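Student: For reference, the structure I am asking about is given below.
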Amino acid sequence: MTETLTLPKPRAFRPATTEPVLVKWALIALVLAILTVLLFAPLIAVFEEALRRGAAFALASLSEPDAQSAIRLTLLVAAMTVPLNAAFGIAAAWAVTKFDWRGKAWVITLIDLPFSVSPVVAGLLFVLMFGSNSALGVWLVANGYPIVFAVPGIVLATLFITFPFVARELIPIMLEQGRSEEEAALTLGASGWRTFLTVTLPNIRWALLYGVLLCNARAMGEFGAVAVVSGKIRGQTTTMPLMIEMFYNEYLSVAAFTMAAVLALLAFVTLALKSALEWRYADQLAATHRH
Amino acid sequence: MHLRSFAIKSPTPMPGWGLSFGIMLTMLSVVVLIPITVLLWRGFVGFGATGMWEVINRPRVWNALELSFRAALVASLFNLVFGVLLAWVLVRYRFPGKRLIDAAVDLPFALPTAVAGIALTAIYAPNGVLGSVIMETFGMRVAYTELGIWIALIFVGLPFVVRTVQPVIEEIDRETEEASATLGASRLRTLTHVVLPMLTPAALTGFALALARSVGEYGSVIFIAGNLPNVTEIAPLLIVIRLEEFDYDGGVAIAIAMLAISFTLLLAINLIQIWSRRRMGAV
């Protein structure tokens with residue numbers, strides 16, 4: 001005689017350290033909805049507005065002389081700012097992490113300072129230093145070196161805005177890596193430069209690239225600080241973001257959004273490279289980027 | 001010879017001190033220190049504290065400063081709550097497209113503010129995709145009102161809290177939550193009484209960063225704000241207007257007021273952070 005034993009159907013089991021499934025999916029849906037409204041919708045709008053009158057019309061707006069000179073100027077400013085910023089970042093990280101000295105905490109605070117200064121105030125700083133109402137500015141203009149309403153002012157303002165980017169990426173990773181590898185190289189007779197190039201640089205290259213990437217994105221996209229120092233001279237001191245504003249205010253919607261779409265594409269490339277670095281070389285980046 | 005105790009740096013065989021310290025100090029001076037000193041000198045010595053106060057103590061300037069800080073505070077509070085939620089969803093849940101969402105969180109860092117500004121205006125304008133829907137259902141205008149400024153500042157400050165809280169959630173030991181559950185706490189109670197306190201210091205750091213960023217934000221706001229004096233005119237815009245009128249003293253006064261309030265806020269948040277670290281335990 002066999003009696004089939006009917007076991008009670010097991011209840012759906014949920015570990016004590018997770019939320020109910022319904023709550024989980026509700027939260028995911030909420031987050032996605034907010035991100036759609038805040039991030040994705042504006043992004044789609046950029047391309048939609050740019051292509052409103054067709055791709056050919058949009059592309060034609062980019063070949064206008066003003067647009068062309070804005071693109072060239074933005075590339076020029078980035079090409080000057082990013083290397084200077086990288087040089088500063090490497091020097092600052094080396095001085096901060098390889099030596100013990102007084103006042104280090106103050107210097108680190110000062111490096112971070114531009115993060116909490118309004119871009120407009122950043123622009124104002126250089127107008128005050130080199131503008132027509134400062135003796136230095138008048139002297140420089142008289143001698144043929146205008147800073148404000150010219151490229152040097154734009155570079156200085158951009159440098160201020162992007163100042164902490166590379167240093168902030170390098171300092172944590174170099175602190176973590178310590179000094180022993182460099183000390184070993186030096187003990188084995190390597191020169192200072194050789195130690196830096198063959199020991200330090202390979203260790204920090206991905207973090208450096210990460211910082212440079214963010215610095216470049218900000219340098220090409222900076223608006224407020226550049227708006228104040230540039231004087232917005234069409235065809236001369238107008239960068240791509242300033243050109244967007246000009247087109248927009250002149251109701252040249254397609255031209256404005258096409259220029260914006262170019263910068264949005266640059267942002268995509270930046271994000272893609274940044275994410276690739278985070279996934280591939282997580283162990284060689286500052287701890288906060290590892291996920 | 002024996003001045004070691006007075007030296008700035010302790011002795012080490014590491015090379016490159018002069019070069020690296022020299023480059024750092026030169027650039028720090030040229031780009032940050034001297035310009036800020038010039039601003040403060042111009043304000044306090046050139047123009048004088050009473051002169052600056054007269055500039056600031058006018059309704060239009062006062063309203064602009066108040067608007068900038070109120071909007072930044074509202075946006076950062078939203079981002080504080082939403083950022084913790086988003087970080088939690090990104091670390092703890094699995095869903096399709098998660099990696100893409102994770103990467104997209106940094107979009108406000110990578111997207112130029114002018115692009116964000118015109119894009120948000122396009123969709124939140126009364127004839128825009130979302131603007132028209134909100135207008136019909138709630139009878140509210142978004143663009144060209146203070147609400148529009150909030151939206152722009154929420155956009156700009158979105159990544160900060162997520163990125164500071166995310167690594168902390170990843171580090172949380174599940175055993176703590178298990179312990180709480182075995183002691184009879186409901187899931188909700190575990191989250192509010194065990195998990196949330198561990199996240200507080202990091203969340204506050206992100207909040208402070210978002211606040212500092214959004215107080216001075218200009219590019220994304222001016223397109224959507226409408227820029228009506230006393231109503232939707234933010235403080236940075238007022239500085240730009242003063243400069244266009246060649247009223248440098250006016251611009252300097254507003255700039256110094258903004259710096260002063262930002263630093264006071266940052267100091268306050270730092271103190272809260274120290275307090276919460278002590279109370280909630282170091283993270």
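The values are calculated or read from the model by the stated rules, or taken from the named source; none is laboratory data. The shown structure was predicted, so the numbers you read here are calculated from the model rather than taken from an experiment. Cβ: placed from backbone, ideal geometry, glycine included. Neighbour counts: every protein chain shown.
Student: Of all residues in region A:216-232, how many are without any contact (Cβ under 8 Å) to a residue 40 or more places away in the chain and either in a helix (DSSP H, G or I) or not assigned by TED's automatic domain parsing to the domain that holds A:A267 (or both)?
Tutor: 0
Student: It is to be established whether one or more residues within region B:237-253 are touching a Lys or Arg at 6+ places or on another chain (Cβ under 8 Å), within 11 Å of chain A (Cβ to nearest Cβ) and under 30 Å from B:L204 (Cα atoms).
Tutor: Yes, some residue in region B:237-253 is touching a Lys or Arg at 6+ places or on another chain (Cβ under 8 Å), within 11 Å of chain A (Cβ to nearest Cβ) and under 30 Å from B:L204 (Cα atoms).
Student: While we're here: What are the residues in region B:126-158 that are under 28 Å from B:W88 (Cβ atoms), of a type outside the set (V, I, T) and surrounded by fewer than 24 Cβ atoms within 10 Å (Cβ to Cβ), if any?
Tutor: Correct list: B:L130, B:L147, B:W150.
Student: Let me ask another. Where residues in region A:225-253 are farther than 16 Å from B:V240 by Cα and in contact with a Ser or Thr (Cβ under 6 Å, 6 or more places away or on another chain), which of them is nearest to the other protein chains (Cβ to nearest Cβ)?
Tutor: Going through the qualifying residues, I end up with A:M240.
Student: If you check A:S253 against the conditions, is it of a type in the set (G, A, S), in contact with a Phe, Trp or Tyr (Cβ under 7 Å, 6 or more places away or on another chain) and in contact (Cβ under 8 Å) with a residue 24 or more places away in the chain?
Tutor: In short, no.
Student: Could you pull out the residue among B:V195, B:V240 that is modelled with pLDDT of 95 or more and either assigned by TED's automatic domain parsing to the domain that holds B:V61 or surrounded by 24 or more Cβ atoms within 10 Å (Cβ to Cβ) (or both)?
Tutor: Exactly one of B:V195, B:V240 is modelled with pLDDT of 95 or more and either assigned by TED's automatic domain parsing to the domain that holds B:V61 or surrounded by 24 or more Cβ atoms within 10 Å (Cβ to Cβ) (or both), namely B:V240.
Student: Residues that are surrounded by 22 or more Cβ atoms within 10 Å (Cβ to Cβ), within 24 Å of the chain's Cα centre (by Cα) and at pLDDT below 95: does region A:273-286 have at least one?
Tutor: yes
Student: Right, next: All but one of (1) surrounded by fewer than 19 Cβ atoms within 10 Å (Cβ to Cβ); (2) part of a helix (DSSP H, G or I); (3) without any contact (Cβ under 8 Å) to a residue 24 or more places away in the chain hold for A:D112; which doesn't?
Tutor: (3)
Student: Ok, one more. With the structure loaded, tell me whether B:M52 is farther than 29 Å from B:G251 by Cβ and more than 22 Å from the chain's Cα centre (by Cα) or whether it fails that test.
Tutor: It is false that B:M52 is farther than 29 Å from B:G251 by Cβ and more than 22 Å from the chain's Cα centre (by Cα).
Student: Something else now. Hey, does region B:13-34 have a residue that's part of a helix (DSSP H, G or I), facing chain A (nearest Cβ under 10 Å) and touching a residue at least 24 places away in the same chain (Cβ under 8 Å)?
Tutor: No - not one qualifying residue is present in region B:13-34.
Student: In a helix (DSSP H, G or I), of a type outside the set (G, A, S) and in contact with a Leu (Cβ under 6 Å, 6 or more places away or on another chain) - does that describe any residue in region A:53-76?
Tutor: No.
Student: Do you know which residues across region B:166-209 are in contact (Cβ under 8 Å) with a residue 60 or more places away in the chain and either of a type in the set (G, A, S) or farther than 24 Å from B:N270 by Cβ (or both)?
Tutor: Correct list: B:E170, B:A202, B:A203, B:G206, B:A208.
Student: Looking at region A:83-109, which of its residues are hydrophobic (A, V, I, L, M, F, W, C), more than 8 Å from chain B (Cβ to nearest Cβ) and either under 27 Å from B:V252 (Cβ atoms) or crowded, with 24+ Cβ neighbours inside 10 Å (or both)?
Tutor: A:A93, A:W106
Student: Right, another one. Go through region B:105-133 and give me each residue that's in a helix (DSSP H, G or I) and more than 10 Å from chain A (Cβ to nearest Cβ).
Tutor: If the condition is that a residue be in a helix (DSSP H, G or I) and more than 10 Å from chain A (Cβ to nearest Cβ), then B:G131, B:S132, B:V133 are the ones that fit.
Okay, residues lined up against (1) more than 21 Å from A:L84 (Cα to Cα); (2) within 18 Å of the chain's Cα centre (by Cα); (3) modelled with pLDDT of 95 or more; (4) not assigned by TED's automatic domain parsing to the domain that holds A:G89:
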{"position": "A:I108", "(1), (2), (3), (4)": "no, no, no, no"}
{"position": "A:L113", "(1), (2), (3), (4)": "no, yes, no, no"}
{"position": "A:F126", "(1), (2), (3), (4)": "no, no, yes, no"}
{"position": "A:N133", "(1), (2), (3), (4)": "yes, no, no, no"}
{"position": "A:V138", "(1), (2), (3), (4)": "yes, no, no, no"}
{"position": "A:A157", "(1), (2), (3), (4)": "no, yes, yes, no"}
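Student: Another question, then. Assuming A:G235 fulfils every condition listed in (1) surrounded by fewer than 17 Cβ atoms within 10 Å (Cβ to Cβ); (2) assigned to a helix (DSSP H, G or I) apart from one, which condition is it?
Tutor: Checking A:G235 against (1) surrounded by fewer than 17 Cβ atoms within 10 Å (Cβ to Cβ); (2) assigned to a helix (DSSP H, G or I), the one that fails is (2).
Student: Mind checking which residues of region A:9-38 are among the hydrophobic types (A, V, I, L, M, F, W, C) and either at pLDDT below 90 or loosely packed, with under 11 Cβ neighbours inside 10 Å (or both)?
Tutor: Answer for region A:9-38, where residues must be among the hydrophobic types (A, V, I, L, M, F, W, C) and either at pLDDT below 90 or loosely packed, with under 11 Cβ neighbours inside 10 Å (or both): A:A12, A:F13, A:A16, A:V21, A:L22, A:A33.
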